[in-house]
């Protein structure tokens, strides 16, 4: 699932995000997350890792998300956990130059280290 969402984000950025004419692809995907979640009970959201969150809703909230953000910022590519009836996975989304410019501020020097967001996916699991 992570690969599907990440590929969709890349395609949307490449083909549909053109300045003032379109919504930011990551925001558009939140509508996809909501629609998929209604039918499947999947829980999917973005979190900020080592850049400023562009929305207060993207700050890591749960203990798992905070732990995942710390691990991904330190170089892990993904963090997993099963808790409260869900299998949780947070995986890195590398931010390209255009992403970094917005997240760190226009006309500022680019950070020297790679910048990431993360995609958090929760899949309901049955108790054994």
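Can you say whether residue 122 is under 16 Å from the mean Cα position of the chain (by Cα), in a strand (DSSP E or B), closer than 21 Å to residue 1 by Cβ and at pLDDT 85 or above, as far as the supplied structure shows?
When the stated conditions are applied, residue 122 passes them.
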Among the residues of the range 32-50, the number that are touching a residue at least 40 places away in the same chain (Cβ under 8 Å), over 11 Å from residue 118 (Cα atoms) and touching a helix residue (DSSP H, G or I) at 6+ places or on another chain (Cβ under 8 Å) is 2
Could you grab me the full set of residues in the range 62-76 that are touching a residue at least 12 places away in the same chain (Cβ under 8 Å) and outside any helix (DSSP H, G or I)? 76
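The values are calculated or read from the model by the stated rules, or taken from the named source; none is laboratory data. What you see is a predicted model; the values in this text were computed from it and never measured. Because the Cβ atoms are built from the backbone with ideal geometry, glycine has one as well, and the counts that use them run over all protein chains shown.
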